[in-house]
Amino acid sequence: MTTGDTGWSPDRHSTQQLQTPPSGYKVEPWQLAWHGLAVDQLQRTESTFALSNGHLGMRGTLEEGEPRGLPGTYLNGFYETQPLPYAEAGYGYPEDGQTVCNVTDGKIIRLLVEDEPLDMRYGTAPEHVRTLDFRSGTLRRRTVWVSPTGRRIRLTTERLVSFTQRAIAAIRYVVEPLDGRLQLVAQSDLLTNEPIESRTKDPRVAADLGSVLRPDFATGSEQRALLAHHTHKSGLHMAAAMDHIFDTPDGMDTRLLVEDDLARVTAAAEVPEGGRLSITKFLAYGWSSTRSVPALRAQVDAALTGVVQTGWDRLAADQRAYLDAFWETADVEIEGDPELQQAVRFALFHVLQAGARGETRAIPAKGLTGPGYDGHAFWDTETFVLPVLTYTQPEAVRDALRWRHATIEPAKQRAGLLGQRGAAFPWRSINGAECSAYWPAGTAAFHVSADVADAVARYLAATGDIDFERSCGAELLVQTARLWCSLGHHDEHGGFRIDGVTGPDEYSAIADNNVYTNLMAQQNLREAAAVCDRQPDVAERLGVDAEEHKTWLEAAEAMLLPFDTMLGVHPQASGFTVHDRWDFEGTSSDHYPLFLHYPYFDLYRKQVVKQADLVLAMHLRGDAFTAQEKARNFAYYEPLTVRDSSLSACSQAVIAAEVGHLDLAFDYFAEAALTDLHDLHNNVRNGLHIASLAGAWSVAVAGFGGMRDHGGRLTFAPRLPPALSRIAFRMCFRGNRFSVDIGGEAATYQLLAGEPFDIAHHGDALSVGSQPVTRPIPSIEPGERPRQPARREPARRRSAQR
């Protein structure tokens, strides 16, 4: 195994220099289209064109299977284990890693035209367009192909992974001869243990598992087949099935082949010019860790029978209706930059795909768009992704937090192994067990537990979901609060300290009193006390007594928050501002990300910030800082933050907007929104950066919209950057749906559905009702634009670029 197989990806969010975006994407408001074929870009478009519903994910490979970059079909939570290697083992080190499996590929439909295989590397393609449609939720393709011997066809396909039937995917595949009668032969496959290239020296790439799936059984009849497999070590079982509907004017001959790792339906037909060969391929997937193989087979077989009865037209209509409802609540409109308008809708679509139907599974850092980070979920989910879904698709948040609750026993066991009480949630995991083999950036990042609590509190405040609070939420808040009282202590000066932890900034590890961690822990303790007050019988069931309740509130009240009185700023952690500064001027641009070129011991003892840490605290716990402190802190940390992480730009944008640096916020907005479309980190082949995509929404809504939800109350302080003329967005809150429409001088709030409720606009209370309410936007004087580290400035964004 290489360094990349240790369970820790040090460059998990590393930033590369901005580059010219791929030329194939066309800027359109509701879709992403690539015109022409660029084989060297397939590895990127396979990620951007991926389809998923949170349960089943399919990369956007061509139907014919080749050429390809990195094929992949994934089932959320389906993984194989492998031992984590250590040069020197230590007490409390995790023993096993987990890697998402590439399961049976059902996307493949190969085509022979008069015995010549359709392969885009040969012949010519006068027309080739692939389009991801954000409203229909489908990936469409239109190709005119001329074979090496001159035979011409038109191929039209449409693919979907269903939001309404979570086990289902489907493909509509139509071939039309353009120059006379042609013999067409289509081969539709289920293929297991597909060979995949592995770049093992890249730590961002998933571990190479080889042929990980072992056959259980294979069966088929007529145009229908089913393959079932299991993993060798994790003991998980999965099944995939396919069925077909064929339509051709002159009939056809079909054959079925079924082997352990391959099922193939072959259809041959003579099709005249003006005719067509039409194939509708239905796919069903399922997996389980507990159900028997016959039960799993029956489950998948039933799902397939159901979707065949549904038919393509209704399946596509249901998909469109689901997305219509989503956009009614979630859309963000941007006027002044068409590319950013497209990018934000692209981001929202993929965030929805990552979490819509996960249903008690995690939301991985890459969603189900690729195998990057081994398919693990991190704290990114609760801190960046769930806020978006809380106000747009709250049912998905409930399901994601139920997954956390389902893993509370492993989290309690982990805390016990570390000598602590409560629940210590993992830095990275698929099934809830810690998979990080690098202690300073993994286990020491205890803030993950507070991030889970923050997501719980936000969801409860935004939905009033009492059933979830009683069944899951209260226990999550209580067990994480217990961790902080165990991990921290009251010092002789009366402060409550949390020592030896790592905050969001992975260039500062094993620090004392990380401000972000302490503030999030403080909120966690208060929320735990509050939920016990609201649900005393649940508190009793969890063993919370008056003394423990009092201990939480005393610890929260005494929480130590370091402050450098000489500089007038908050140190990121105790002593941070007295460290030597990194030599930014002496660091060349090709030496970023820093961890690939410098030893960690040097990074840990210098003032250099990988990603927003104190700045993120000012967003999520902005109620703990004054306006003056925010401005001074932001100015201090900007020259130290190198953004070797895709999680940084969005957080910096939000606070830049709050303190008035609107042009800078706009530049960071573009960086967050275009991370994957421009492949800024040169690793889109391994999947999309779902948290950065979610961060694009955060910049629009929390940055330029100024939305905050401190204490469960919505407030807004909107301001537009000069480059934009309008931002409008929609949200849901406590069952109400409303819109915020921001112009250069005023903002308008309107209830779209539900009952009137109260918010605040720049500190002034107002009621949102069915009649629009407009308020002026006060001006702000930001002062001089802060500088960034040498050669790490964000690219300056200009409006209306496209």
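The values are calculated or read from the model by the stated rules, or taken from the named source; none is laboratory data. All values derive from a computational prediction rather than experimental measurement. Note that we place each Cβ from the backbone using ideal geometry, even for glycine, and neighbour counts take in every protein chain shown. Surface areas here come from the heavy atoms of the whole protein model, side chains and all, with no ligands, DNA or RNA. Shrake-Rupley method; radii C 1.70, N 1.55, O 1.52, S 1.80 Å.
Can you list the strands (runs of 3 or more DSSP E) lying wholly within the range 72-160 that have 3 or more residues being surrounded by fewer than 21 Cβ atoms within 10 Å (Cβ to Cβ), among the small types (Gly, Ala, Ser) and more than 27 Å from the chain's Cα centre (by Cα)?
Working: elements: 73-75, 79-83, 96-100, 109-113, 124-133, 138-146.
Fully inside the range 72-160 and qualifying: nothing.
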Inspect all residues belonging to the range 718-727 and state whether any of them is basic (Lys, Arg), crowded, with 21+ Cβ neighbours inside 10 Å and in a loop (DSSP other than H, G, I, E, B). yes
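Out of ARG737, ARG775, ARG792, ARG797, report the one residue that is among the basic types (Lys, Arg), assigned to a strand (DSSP E or B) and open to solvent by less than 60 Å² (accessible area, probe 1.4 Å).
Details: ARG775 fails: open to solvent by less than 60 Å² (accessible area, probe 1.4 Å); ARG792 fails: assigned to a strand (DSSP E or B); ARG797 fails: assigned to a strand (DSSP E or B).
One residue alone meets the criteria, ARG737.
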Within the range 667-699, how many residues turn out to be out of contact with any Cys (no Cβ under 8 Å at 6 or more places or on another chain), open to solvent by 10 Å² or more (accessible area, probe 1.4 Å), more than 18 Å from GLU339 (Cβ to Cβ) and not charged (D, E, K, R)? 1
Take the residues in the range 369-400 that are open to solvent by less than 10 Å² (accessible area, probe 1.4 Å) and part of a loop (DSSP other than H, G, I, E, B); name whichever of them is farthest from PHE733 (Cα to Cα). GLY370
Just need a number here: residues in the range 558-600 that are charged (D, E, K, R), touching a residue at least 12 places away in the same chain (Cβ under 8 Å) and open to solvent by 60 Å² or more (accessible area, probe 1.4 Å). 3
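Results for (1) touching a His at 6+ places or on another chain (Cβ under 8 Å); (2) assigned to a helix (DSSP H, G or I); (3) in contact (Cβ under 8 Å) with a residue 60 or more places away in the chain, shown as yes or no for each residue.
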position	(1), (2), (3)
GLY432	no, no, no
GLY442	no, no, yes
SER449	no, yes, yes
ALA474	no, yes, yes
HIS493	no, no, no
GLY503	yes, no, yes
SER508	no, no, yes
TYR516	yes, yes, yes
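Tell me, which helices (runs of 4 or more DSSP H) lie completely within the range 609-701 with 1 or more residues that are at pLDDT 95 or above and of a type in the set (Val, Ile, Thr)?
Working: elements: 614-620, 627-637, 648-658, 662-673, 690-698.
In the range 609-701, 614-620, 648-658, 690-698 are the helices (runs of 4 or more DSSP H) which contain 1 or more residues that are at pLDDT 95 or above and of a type in the set (Val, Ile, Thr).
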Pull up the range 447-506, narrow it to residues that are closer than 15 Å to GLY422 by Cα and of a type in the set (Ser, Thr, Tyr), then point me to the one that is nearest to the chain's Cα centre (by Cα). SER449
Of (1) assigned to a helix (DSSP H, G or I); (2) crowded, with 17+ Cβ neighbours inside 10 Å, ALA295 fails just (2)
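Which residues, counting only those in the range 229-250, are more than 18 Å from VAL308 (Cα to Cα) and touching a helix residue (DSSP H, G or I) at 6+ places or on another chain (Cβ under 6 Å)? Walk me through it before giving the result.
Taking the range 229-250 as the starting set, the residues that turn out to be more than 18 Å from VAL308 (Cα to Cα) are 229-238, 248-250.
Within the range 229-250, HIS237 is the sole residue that qualifies.
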Total residues in the range 577-593, condition closer than 30 Å to ALA700 by Cα and in contact with an Asp or Glu (Cβ under 9 Å, 6 or more places away or on another chain): 2
